[in-house]
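Input: a single structure, listed below in structure tokens.
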Amino acid sequence: MSSAVELLPKEYGYVVLAVVLYTFLNFWMAAQVGRARKRYKVPYPTMYASESENKDANVFNCVQRGHQNSLEMMPMFLVLLVLGGLKHPCISAALGFFFAFTRLLLLQRLRHR
């Protein structure tokens, strides 16, 4: 009887690497939100800053919303990546790396506005 690992394509490790990369990206984004909370003085448990109370509310809200959007997209992204990787592991992994990298670039660009 063969194990489940033997049934996976040999390039499936790239898919796993893309999953790990996206997970680390989310941890990094959470750290960015924590730094923005300190910098713009937005205390917990406030999810979004109010412009009437904080002049930098829009900047903080952009950082917070970027991370929140990433968390909202994560289940669908991971399911499609893992399932697509069963048949086309190299293509799925390449698209996963591309998605994570472009997300990082977009967040960097928003941060330096």
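The values are calculated or read from the model by the stated rules, or taken from the named source; none is laboratory data. Every value quoted in this text rests on a predicted model; they were computed, and no experiment measured them. Neighbour counts run over all protein chains shown; Cβ positions are idealised from the backbone, glycine included.
Would you say S70 is closer than 12 Å to V15 by Cβ, hydroxyl-bearing (S, T, Y) and assigned to a helix (DSSP H, G or I)?
Details: closer than 12 Å to V15 by Cβ: no; hydroxyl-bearing (S, T, Y): yes; assigned to a helix (DSSP H, G or I): yes.
No: the conditions fail for S70.
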K10: passes all of (1) in a helix (DSSP H, G or I); (2) basic (K, R); (3) over 17 Å from the mean Cα position of the chain (by Cα); (4) exposed (fewer than 13 other Cβ atoms within 10 Å of the Cβ) but (1)
Output the residues belonging to the stretch 17-61 that are modelled with pLDDT of 85 or more and among the charged types (D, E, K, R).
-> R35, R37, K38, R39, K41
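Just checking, which of V19, V33 is touching a residue at least 40 places away in the same chain (Cβ under 8 Å), of a type in the set (A, V, I, L, M, F, W, C) and in a helix (DSSP H, G or I)? Can you show your working first?
On the way: V33 fails: touching a residue at least 40 places away in the same chain (Cβ under 8 Å).
Result: V19 is the single residue among V19, V33 that is touching a residue at least 40 places away in the same chain (Cβ under 8 Å), of a type in the set (A, V, I, L, M, F, W, C) and in a helix (DSSP H, G or I).
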